[in-house]
There are 2 protein chains.
Amino acid sequence: MGVQSVELVVIGSGPAGQKAAIQAVKLGKKVALLEKRKVVGGVCTHTGTIPSKTLREAIMYLSGYRQRSLYGRGYAVKKNVTYEDLILQVNHVVSHEIEVTNDQLTRTGVEIIPGTASFIDPHMVSVETDQGVAQIKTEKVIVACGTSPYRSPRVPFNNINILDTDTIFSPNFKMNRLPKSMLIIGAGVIGTEYACMFSALGVDVRLLDRRADMFRFVDPEILEALVYQMRNERVTLYLGKDFEKVEVDEEMNVQTTLENGRVVNTEMLLFSSGRTGATDELRADLAGIEVGNRGLIKVDAQFKTSVDHIYAVGDIIGFPALASTSMEQGRCAACHAFGIPVSSFKHYPYGIYTIPEISMVGQTERELSEAGTPYEIGLGRYREIAKGKIIGDSTGLLKLIFDQRDAKLLGVHIIGEGATELIHIGQAVMSFGGTIDYFVETVFNYPTLAEAYKLAALNGLKRLGWTPGGRRDLEIAINSEGASEEVLE
Amino acid sequence: MGVQSVELVVIGSGPAGQKAAIQAVKLGKKVALLEKRKVVGGVCTHTGTIPSKTLREAIMYLSGYRQRSLYGRGYAVKKNVTYEDLILQVNHVVSHEIEVTNDQLTRTGVEIIPGTASFIDPHMVSVETDQGVAQIKTEKVIVACGTSPYRSPRVPFNNINILDTDTIFSPNFKMNRLPKSMLIIGAGVIGTEYACMFSALGVDVRLLDRRADMFRFVDPEILEALVYQMRNERVTLYLGKDFEKVEVDEEMNVQTTLENGRVVNTEMLLFSSGRTGATDELRADLAGIEVGNRGLIKVDAQFKTSVDHIYAVGDIIGFPALASTSMEQGRCAACHAFGIPVSSFKHYPYGIYTIPEISMVGQTERELSEAGTPYEIGLGRYREIAKGKIIGDSTGLLKLIFDQRDAKLLGVHIIGEGATELIHIGQAVMSFGGTIDYFVETVFNYPTLAEAYKLAALNGLKRLGWTPGGRRDLEIAINSEGASEEVLE
């Protein structure tokens, strides 16, 4: 196999790589997309977002989670949900997504080369394919090789009952029955999402993290609501505690010894403590790319690495490592690489698919306090709107954060059913520079969860006192007093 | 009981009356709220929106409707859903809503007088209470007395198996088992919502209307999708057909003879053909109020009746007769009555809780065609986004309508899971005068149904040709070609 010449090599076909490749082709560039798996999609499609969110949806239904408060716990659809029940739907969605992605890439004109990529020099990449090794000379490179779960040397992974979050969806992995108990090490987003899912299935879940505070980027009030709900679902939290060793006894139970000597005995252990850049075979050194802690690549605001013509996007550059954000990074990096101006998008949403789900956009109280911005908040509780009652979500909470001086919306934080969808209403208002008056004046469908915005805005105006700057006319001022009712309807 | 004097009498405590009364109290007025039922809430809480939407949610769950496409029809939570299962949750939500409403009204300082109201003269209203008849002298009146189901004289209602939509939720009504078959007469919003609900429960539903076209205010493409789905759920539609007579045979089956002589034989008949103003006891004539067709009251843009100091709001003034809109009418009417300026809200959403649900905001293609506005559309299908696949909604459709000249958003029409919530994203963008570029540039949580907006916007830009007016920079222009993929991810 000879030397091929292209204008852009993209390494990795997850959301970031896909969008980078497509954007470059649209710019008229010759693009080669290198993917070490047999099929496209990256971690997102194979072991990350897609399978885990599908699993979550299947669990929500089969366990009757959403209806427990309405009909009691006895109403589960299947009394004994098996892993097979769950994985069936996952496989179905994953194959569909692979097909869709593949179709989109090839139709756009992206050349997909299946094989493991490694740098030979800054402008030359080799790909080890089934047919042999190919060499590709390229003008630019976008590295979107993603991450894989970090595996602590203190954990004797066996892929039977000591797993990482990739193993769960591995085709070779079988779970003949759901474990009675499970220790999850790592209370990051991924570990916590799994903790919620397995506890909804009735597994006795323990969640351990050596850090004392979970989710530092999430509003503390929202986080408290999550923790409350998790405890209510009988998740045991061991925060601020590290483990010393993990052993398997003769009955295949996992014995995890904590620092303080306490032994946690569970049927299964899921290790979910960080991810490392999938840079092992990349030979980033031969390109001159600086690789940081845990194999992550540092980039500047334009996603440029330490090498001028090489960019990196997606999970490999670290936080937030979300599919949604990665896509945008990929698109922007391709534009930057070829000198096309891109306006940077400001109001990135964050979605965390815990149970209940969490979503946020804009700033947190902590950030505003640190910046010295005078802000006020407004709270809307699902239990005070008809739809919350109808669907049985009595714990949902929507929090608006706005400028105390002009009521301009600065952040929205939601926990509860539909949070990841509802956040986009607030995101739109923020993007247009709107104030919380928008929500007071708007007529919402009844009954909807979206009404929580109105409730929160009325609550916020009440906290402000009714007429900041005399800007509002009497009508709204009057309405603002309406916030003295905790309830809207 | 003597004569009491107030500044405002509100007749009826449904959503419109509640908000009118609250608004007037906030304006410092002395308000009497007259309600002929024992408890507040009106049709909305007792036999309308709240019970029917709760019933719908219960049906969606207990029938396993949402998961059929994922797990097959065998997965229903309860094999034999009884009416009692369903009504249990309805009663729970209804009592809660009554409590909340009552609490809010009394806490605000609204005096609630339970009793039947009738005019004595334009400024004097009598109320027949349990304690006798009271007379109330008032400066202003807001009539929010609502409607009751119209009962055709050709239908022998028996409240056993020939019902109207109020009977269904009557405390005296018992349905020992779900009927095998049901004819619904009237394919308006209410009749169609019930047709969807009962067919989801496995009832053989026939829906009859003498009008040939359903839902003329709904986008035809969205309506077609609904009709397709309804037929798929085995609803039989008899449109453009009137009935001649309804009889009950010796086995208590309902024999409905259509105009053309055909006889439709069903176990039950639900009559849902229009509603009439609940003005029977009102003696509107003594106030000088002109009452129109089917007892509805005509009002001007300020909700004023033919009498200067008397206003009417809510279902009694006709279309759209939605709780959300009625609340806003109530609030506005109270302001108008006391000369307080109110800005009129423009972008009312419409929510129709069929299965799947429908929501819309802004204009339709029909309206724009008639107005001669050059417009273009963009379509986003749920089956092309990951979340659609995950939840198994393969038929959802989001349609953007925008100005062909500047891509300004003019309307959003959605059918599918979450439509009534998702519409509020488009509503916000419309309210700020945004273009569909907003959706192209925005990062959405992944996976969400909200992504259908992006998909639809890309599709719309593609239809436009990529650079209308050179207004967009290259980056977006390029993205617009991305719309050549039917799929986003």
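Assorted remarks:
- Residue check for residue B:158: of a type in the set (S, T, N, Q), in a loop (DSSP other than H, G, I, E, B) and farther than 25 Å from residue B:295 by Cβ: no
- Taken over segment B:427-438, the criterion of being out of contact with any His (no Cβ under 9 Å at 6 or more places or on another chain) and more than 8 Å from every other protein chain (Cβ to nearest Cβ) is satisfied by B:433, B:435, B:436, B:437.
- Answer residue from segment A:456-466, given it is out of contact with any Ser or Thr (no Cβ under 9 Å at 6 or more places or on another chain) and open to solvent by 10 Å² or more (accessible area, probe 1.4 Å) and is nearest to the other protein chains (Cβ to nearest Cβ) among those: A:459
- Boolean, residue A:344 is under 23 Å from the mean Cα position of the chain (by Cα) and modelled with pLDDT under 95: yes
- Residue B:480 meets each of the listed conditions (1) open to solvent by less than 10 Å² (accessible area, probe 1.4 Å); (2) more than 9 Å from chain A (Cβ to nearest Cβ); (3) touching a helix residue (DSSP H, G or I) at 6+ places or on another chain (Cβ under 7 Å); (4) at pLDDT 95 or above apart from (4).
- Per the conditions (1) open to solvent by 30 Å² or more (accessible area, probe 1.4 Å); (2) within 13 Å of chain B (Cβ to nearest Cβ); (3) within 24 Å of the chain's Cα centre (by Cα), the sole criterion not satisfied by residue A:367 is (2).
- In this structure, residue A:173 does satisfy being farther than 28 Å from residue A:319 by Cα, open to solvent by 10 Å² or more (accessible area, probe 1.4 Å), aromatic (Phe, Trp, Tyr) and more than 14 Å from every other protein chain (Cβ to nearest Cβ).
Conditions tested, residue by residue: (1) in a strand (DSSP E or B); (2) surrounded by 22 or more Cβ atoms within 10 Å (Cβ to Cβ); (3) assigned by TED's automatic domain parsing to the domain that holds residue B:36.
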site: B:197; (1), (2), (3): no, yes, no
site: B:217; (1), (2), (3): no, no, no
site: B:244; (1), (2), (3): yes, no, no
site: B:247; (1), (2), (3): yes, no, no
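- Within segment A:398-429, tally of residues that are open to solvent by less than 20 Å² (accessible area, probe 1.4 Å) and either without any contact (Cβ under 8 Å) to a residue 24 or more places away in the chain or in a helix (DSSP H, G or I) (or both): 10
- Any hit, segment B:315-336, residues being over 16 Å from residue B:16 (Cβ atoms) and aliphatic (A, V, I, L, M): no
- Residues within segment B:377-397 that are in a helix (DSSP H, G or I) and within 24 Å of the chain's Cα centre (by Cα), tallied: 1
- Some residue of segment B:134-143 being of a type in the set (Gly, Ala, Ser), over 30 Å from residue B:339 (Cβ atoms) and at pLDDT below 95: no
- Output for segment A:250-266, where each listed residue is outside any strand (DSSP E or B) and either open to solvent by 50 Å² or more (accessible area, probe 1.4 Å) or within 16 Å of residue A:154 (Cα to Cα) (or both): A:250, A:251, A:252, A:259, A:260, A:261, A:262
- Subset of segment A:152-170 that is modelled with pLDDT of 95 or more and of a type in the set (D, E, K, R) - its residue that is surrounded by the fewest Cβ atoms within 10 Å (Cβ to Cβ): A:154
- Total residues in segment A:439-454, condition in contact with a strand residue (DSSP E or B) (Cβ under 8 Å, 6 or more places away or on another chain) and facing chain B (nearest Cβ under 7 Å): 5
- Residues (among the hydroxyl-bearing types (Ser, Thr, Tyr), farther than 12 Å from residue B:282 by Cα and open to solvent by less than 70 Å² (accessible area, probe 1.4 Å)) located in segment B:106-129: B:108, B:129
- The set of residues in segment A:337-355 being open to solvent by 40 Å² or more (accessible area, probe 1.4 Å) and either within 30 Å of residue A:419 (Cα to Cα) or in contact (Cβ under 8 Å) with a residue 24 or more places away in the chain (or both) consists of A:343, A:344, A:346, A:347, A:348, A:350.
- Within segment A:130-149, tally of residues that are touching a strand residue (DSSP E or B) at 6+ places or on another chain (Cβ under 7 Å) and surrounded by fewer than 16 Cβ atoms within 10 Å (Cβ to Cβ): 4
- Residue match in segment A:227-234 (condition: in a loop (DSSP other than H, G, I, E, B) and open to solvent by 20 Å² or more (accessible area, probe 1.4 Å)): yes
- Considering only residues in segment A:376-418 that are within 9 Å of chain B (Cβ to nearest Cβ) and touching a Ser or Thr at 6+ places or on another chain (Cβ under 6 Å), the one that is nearest to residue B:445 (Cα to Cα) turns out to be A:387.
The values are calculated or read from the model by the stated rules, or taken from the named source; none is laboratory data. Everything quoted here is computed from the prediction, not taken from an experiment. Backbone-built Cβ (ideal geometry, glycine too); neighbour counts: all protein chains shown. SASA here: full protein model, heavy atoms, side chains in, ligands and nucleic acids out. Shrake-Rupley method; radii C 1.70, N 1.55, O 1.52, S 1.80 Å.
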